[in-house]
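Worksheet: one structure, shown below.
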Amino acid sequence: MEITSSTMVKPVYSTPHPLVGEKVPLTVFDRAALDIFVPTVLAYPAPAPSNEALREGLLKAVAPYPHLASRLALDDHGRRFLHVNNEGVLLIEATVPVDLADVLVDGRMAAGVEDLYPTLPEENIGAALLQIQLNRYRCGGLVVGISCHHHTADGHSMSMFFTAWATAVREGKDFTTPTPFLDRARTALPGSTPTPVFDHRSLEFTCGEGDTYAVVPMDRIKNLTLHFTAEFVADLKSRVGTRCSTFQCLLAHVWKKLTAARELKPEEFTKVRVAVNCRGRADPPVPMDFFGNMVLWAFPRLQVRDILNSSYGSVIGVIRDAVARINDEYVQSFVDFGGVADANGEELVATAAAAGTMFCPDAEVDSWLGFRFHQLDFGTGAPSAFVPPDLPFEGLMIFMPSRKANGGVDLFMAVAEEHVAAFEQICYSLDWTHLDVTYVTS
């Protein structure tokens with residue numbers, strides 16, 4: 001691979017954007033997000049659009065999303081804010097002297113993808129918050145590596161931006177500039193007398209207490225890709241006995257199988273950290289086109305014996321009940337907690353895990369099932385593959401709509417090496433009883 005250029009792309013406004021020049025405080029939702037850059041890699045077979053077309057489309061797409069051209073900075077008290085200074089988006093162009101088909105096999109790169117997106121900055125303050133690398137292959141194929149800092153936006157927001165960029169390239173002069181909702185203060189308005197009623201200090205934030213997980217060398221954590229066909233999902237839903245979403249039934253299924261493969265003690269407890277979009281759960285609701293962070297987490301929890309011996313419908317009920325608890329009251333309590341912390345000058349530190357963390361007996365899941373690959377068509381077709389970087393935490397799972405011809409769902413997950421064989425042996429079994437794991441006792 002050869003880097004051929006590296007530039008800052010800065011949108012030019014005919015009429016200055018009202019936010020440019022502003023110093024936007026991080027909301028309590030921003031501070032709950034991890035202080036990391038999140039990479040995404042998309043592959044497009046030849047013929048793919050030219051780098052010039054992608055650059056011009058990027059200029060148009062970034063303009064209504066000024067936070068993406070901003071920088072993280074510190075105020076006089078050492079607190080972070082977004083300086084909307086239009087410093088720009090980092091755009092790197094690279095050439096790769098092989099054909100894309102030689103290195104992309106069944107939706108996976110033959111080697112790691114770390115070289116396909118910009119090197120993650122060692123210091124986030126002052127770094128470009130959106131960084132993009134265009135990797136052009138000998139055949140004309142393209143791999144787009146995107147990295148965005150999580151304090152800027154959540155997954156729902158970045159999906160909006162990806163769609164806007166693809167549309168700008170595809171439509172060219174006919175592109176209609178979107179008008180996303182950008183009022184971050186609207187998402188975090190404490191009550192007249194802020195009164196948090198839930199424990200946010202040990203869930204969304206850390207106070208040095210709570211769960212303690214082991215950290216192991218990264219080579220002990222293996223990344224797997226599972227494909228659940230549309231027929232498998234339909235069969236699974238038919239066994240549930242009640243209406244449920246694809247995400248709910250697959251999470252219940254994988255939670256069962258992962259728990260079985262781990263051979264946990266029956267009396268142990270296991271929980272899953274489930275990301276929940278809170279835009280529609282606030283009172284009043286925040287528009288779905290809000291660009292920023294507005295995610296909290298639900299924690300369905302069961303004893304090992306119960307998750308292994310309960311029906312799919314029962315496990316889905318636990319997941320559904322946990323998610324339902326992230327309601328308007330919980331969201332307001334979280335916002336009030338942030339208001340009290342600000343009034344007291346308290347520095348909030350998001351609950352985070354180090355690379356190599358073993359979440360066992362727990363897990364964490366994120367869903368991109370609302371992601372629509374056809375919306376990422378730059379004009380020559382949708383991406384042929386979503387290629388995730390290696391997941392750094394054992395027990396982390398990401399659900400994506402599959403790119404295979406028959407549809408269905410792809411699951412990218414990280415599993416401890418000692419549990420891989422057992423998990424792969426049972427991950428497609430629809431038997432929910434303890435017959436899969438003879439050591440379980442009632």
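Of all residues in the range 86-110, those being farther than 27 Å from residue 412 by Cα and surrounded by fewer than 16 Cβ atoms within 10 Å (Cβ to Cβ) number 2. Say whether the condition of being in contact (Cβ under 8 Å) with a residue 40 or more places away in the chain, outside the structural domain of residue 379 (by TED's automatic domain parsing), under 21 Å from residue 319 (Cβ atoms) and surrounded by fewer than 18 Cβ atoms within 10 Å (Cβ to Cβ) is met by at least one residue in the range 164-177. For the range 164-177, residues in contact (Cβ under 8 Å) with a residue 40 or more places away in the chain, outside the structural domain of residue 379 (by TED's automatic domain parsing), under 21 Å from residue 319 (Cβ atoms) and surrounded by fewer than 18 Cβ atoms within 10 Å (Cβ to Cβ): absent.
Of all residues in the range 181-194, how many are under 23 Å from the mean Cα position of the chain (by Cα), surrounded by fewer than 18 Cβ atoms within 10 Å (Cβ to Cβ) and either closer than 29 Å to residue 388 by Cα or not charged (D, E, K, R) (or both)?
2
One line per residue, one yes/no per condition, for (1) hydroxyl-bearing (Ser, Thr, Tyr); (2) assigned to a strand (DSSP E or B):
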| residue | (1), (2) |
| --- | --- |
| 14 | yes, no |
| 19 | no, no |
| 29 | no, no |
| 34 | no, no |
| 40 | yes, yes |
| 59 | no, no |
| 87 | no, no |
| 90 | no, yes |
| 98 | no, no |
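Selection over the range 347-379 of residues that are modelled with pLDDT under 90, surrounded by 16 or more Cβ atoms within 10 Å (Cβ to Cβ) and acidic (Asp, Glu) gives a count of 0.
Among the residues of the range 363-382, those identified as on the phi < 0 side of the Ramachandran plot, more than 18 Å from the chain's Cα centre (by Cα) and either in contact (Cβ under 8 Å) with a residue 12 or more places away in the chain or part of a loop (DSSP other than H, G, I, E, B) (or both) are 377, 378, 380, 382.
Please verify whether residue 71 is closer than 30 Å to residue 337 by Cα, touching a strand residue (DSSP E or B) at 6+ places or on another chain (Cβ under 9 Å), basic (Lys, Arg) and in contact (Cβ under 8 Å) with a residue 60 or more places away in the chain, treating the condition exactly as stated. Judged against the criteria, residue 71 is not a match.
Scan the range 393-440 residue by residue and report those that are aromatic (Phe, Trp, Tyr), under 23 Å from residue 235 (Cα atoms) and at pLDDT 90 or above.
Our first condition is that a residue be aromatic (Phe, Trp, Tyr); within the range 393-440, this holds for 393, 399, 412, 423, 428, 432, 439.
Imposing the further condition that a residue be under 23 Å from residue 235 (Cα atoms) reduces the set to 399, 412, 423, 428, 432.
Residues satisfying the conditions are 399, 412, 423, 428.
Counting the residues of the range 394-407 that are farther than 19 Å from residue 109 by Cβ, in contact (Cβ under 8 Å) with a residue 60 or more places away in the chain and surrounded by fewer than 19 Cβ atoms within 10 Å (Cβ to Cβ) gives 2. Considering the conditions (1) touching a residue at least 12 places away in the same chain (Cβ under 8 Å); (2) over 30 Å from residue 31 (Cα atoms), residue 111 is excluded by exactly one of them, (1).
Is the range 126-136 home to any residue that is under 16 Å from residue 45 (Cβ atoms), in the same structural domain as residue 28 (by TED's automatic domain parsing) and either of a type outside the set (A, V, I, L, M) or at pLDDT below 90 (or both)? Among the residues of the range 126-136, at least one is under 16 Å from residue 45 (Cβ atoms), in the same structural domain as residue 28 (by TED's automatic domain parsing) and either of a type outside the set (A, V, I, L, M) or at pLDDT below 90 (or both), which makes the answer yes.
Residue-by-condition table, conditions (1) modelled with pLDDT of 95 or more; (2) in contact with a strand residue (DSSP E or B) (Cβ under 9 Å, 6 or more places away or on another chain); (3) surrounded by 23 or more Cβ atoms within 10 Å (Cβ to Cβ); (4) not hydroxyl-bearing (Ser, Thr, Tyr):
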site: 227; (1), (2), (3), (4): no, yes, no, yes
site: 238; (1), (2), (3), (4): no, no, no, no
site: 241; (1), (2), (3), (4): no, no, no, yes
site: 250; (1), (2), (3), (4): yes, yes, yes, yes
site: 253; (1), (2), (3), (4): yes, yes, yes, yes
site: 260; (1), (2), (3), (4): yes, no, yes, yes
site: 267; (1), (2), (3), (4): yes, yes, no, yes
site: 272; (1), (2), (3), (4): yes, yes, yes, yes
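State all residues of the range 144-163 that are aliphatic (A, V, I, L, M) and either crowded, with 23+ Cβ neighbours inside 10 Å or not in a helix (DSSP H, G or I) (or both); if no residue qualifies, say none. Listed by number, the residues that qualify are 144, 146, 153. Only residues that are within 18 Å of residue 145 (Cα to Cα) and either under 20 Å from the mean Cα position of the chain (by Cα) or surrounded by 10 or more Cβ atoms within 10 Å (Cβ to Cβ) (or both) were counted across the range 111-127, and they come to 11. For the range 61-71, the criterion of being at pLDDT 90 or above, within 19 Å of residue 43 (Cα to Cα), not in a helix (DSSP H, G or I) and not β-branched (Val, Ile, Thr) is met by no residue.
Might you check whether a residue that is in a loop (DSSP other than H, G, I, E, B), assigned by TED's automatic domain parsing to the domain that holds residue 391 and under 17 Å from residue 35 (Cβ atoms) occurs anywhere in the range 323-331? The answer is no, given that none of the residues of the range 323-331 is in a loop (DSSP other than H, G, I, E, B), assigned by TED's automatic domain parsing to the domain that holds residue 391 and under 17 Å from residue 35 (Cβ atoms).
Please enumerate the residues belonging to the range 293-344 that are among the acidic types (Asp, Glu) and surrounded by fewer than 20 Cβ atoms within 10 Å (Cβ to Cβ). Scanning the range 293-344 gives 306, 321, 328, 329, 342.
Report yes if residue 391 is hydrophobic (A, V, I, L, M, F, W, C), touching a strand residue (DSSP E or B) at 6+ places or on another chain (Cβ under 6 Å) and assigned to a loop (DSSP other than H, G, I, E, B), otherwise no. So residue 391 fits the description; yes.
The values are calculated or read from the model by the stated rules, or taken from the named source; none is laboratory data. Note that this is a predicted model, so its numbers are computed, not measured. All Cβ positions, glycine included, derive from the backbone under ideal geometry; neighbour counts span all protein chains shown.
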